[in-house]
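A quick write-up on the structure given underneath.
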Amino acid sequence: MNYWPLLGIAVIVIGFLLRFNPVPVVVCAALTSGLLAGLTPLALLALLGKSFVSSRLLLLYVLTLPVIGLLERAGLREHAQRWIGRLHGLSLARLLTGYLLLRQVLAMFGLTGVAGAAQTVRPLLAPMSEAAAEKILPELDSADRDEVRAIAAATDNIGRFFGEDVFIALGAVLLIQAFYTQHGIELTPLSIALWAMPTAIAAFVIQSVRVWLYQRQLQRRAANMRSERTN
């Protein structure tokens, strides 16, 4: 068996560690794996073209970017922050935990495109999370804001990643089934989805606890600042 094509994975790891642009890194990894697998440059180019044409529907997501840009220019982020600021009972943990639950449930039914990083996290969830964090610690610096945005993005990713495996018609579930079938293990998509349920529940609990701990950290910092001012 030829293991040389696996060097494409090393190219991806090294490129990401060096913080190179992901697009050329992935292309270089594909070229490396293809050439080491014995494909000629023309055959590799034909394979890339075929994959692009068969996945051209994915480019529809590009259409959401101008729409999000127009909404942000119209003040969508500012409106979201003001709205969260008026909801005194909505904390950062409640906001992100509720979104995590919604994202995971939607992904379990195959509705992975309803929310996402471009159309939901950046214009809505991130500014709403910042506003919720400011209610706890008004003196948020740039590092704190970046961390809040990162937690919001991670919540979206975890909700989709661990929720979509429960959907039996997902390509990843069918890929898992095909892999086990090739090795003589017969599994149905329903059994794979059911076994993914405990992992999805565990991911929800772990991320909810992480968000709650981060909120507690902000609350402790706010309490320390108030005590320093009184002293």
At 0.36 nm per residue, minus the direct Cα-Cα distance, what do Gln182 and Ile201 gain on full extension? Give it in nm, one decimal, please.
3.9 nm
What number comes out for accessible area per residue over the range 4-54 if the probe is 1.4 Å? Units Å², please.
74
Average the reciprocal distances over every distinct pair of alpha-carbons in the range 4-54, invert the result, and give the Kirkwood radius in Å.
11.2
How big is the accessible area of Met108 in square angstrom, nearest 10, if you roll a 1.4 angstrom probe over the protein chains?
50
Pairwise label distance in nanometres, Lys50 with Ala172, each label 7 Å out on the Cα-Cβ vector
2.6
Run the dipole for the range 63-230 about the Cα centre, Lys and Arg Cβ at +1, Asp and Glu Cβ at -1, nothing else charged, and hand back the magnitude in debye, nearest 20.
580
Could you tell me the accessible area of Glu228 in Å² (1.4 Å probe, neighbours in place), rounded to the nearest ten?
130
Would you work out which of Pro123, Gly171, Leu92 lies farthest towards the positive end of the dipole of the range 63-230, given +1 charges on the beta-carbon of Lys and Arg and -1 on that of Asp and Glu, about the Cα centre?
Leu92
Residues meeting the amide H criterion for Leu140 (H placed from the backbone, H to H distance under 5 Å, 5 or more places apart or on another chain) are none
Residues of the range 89-119 with amide N under 13 Å of the 7 Å Cα→Cβ point at Asn157:
117-118
Using the Kirkwood radius over Cα pairs, work out the Stokes-Einstein diffusion coefficient for the range 98-231 at 25 °C and 0.890 mPa s, in µm²/s as a whole number.
147
Two-site FRET efficiency, Arg216 against Ala117, from Cβ-Cβ distance with R₀ of 22 Å, rounded to 0.05
0.25
Ratio Rg/Rh [Cα only; Rh per Kirkwood] for the range 108-187:
1.22
Quick one: with all protein chains in place, what share of the accessible area of the range 63-230 is carbon or sulfur, to the nearest percent (1.4 Å probe)?
66
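The values are calculated or read from the model by the stated rules, or taken from the named source; none is laboratory data. These numbers come from a predicted model, not from an experiment. Using ideal geometry, Cβ is built from the backbone for each residue, glycine included, and neighbour counts are taken over all protein chains shown. Areas reflect the complete protein model, heavy atoms only, side chains present, ligands, DNA and RNA absent. Shrake-Rupley method; radii C 1.70, N 1.55, O 1.52, S 1.80 Å.
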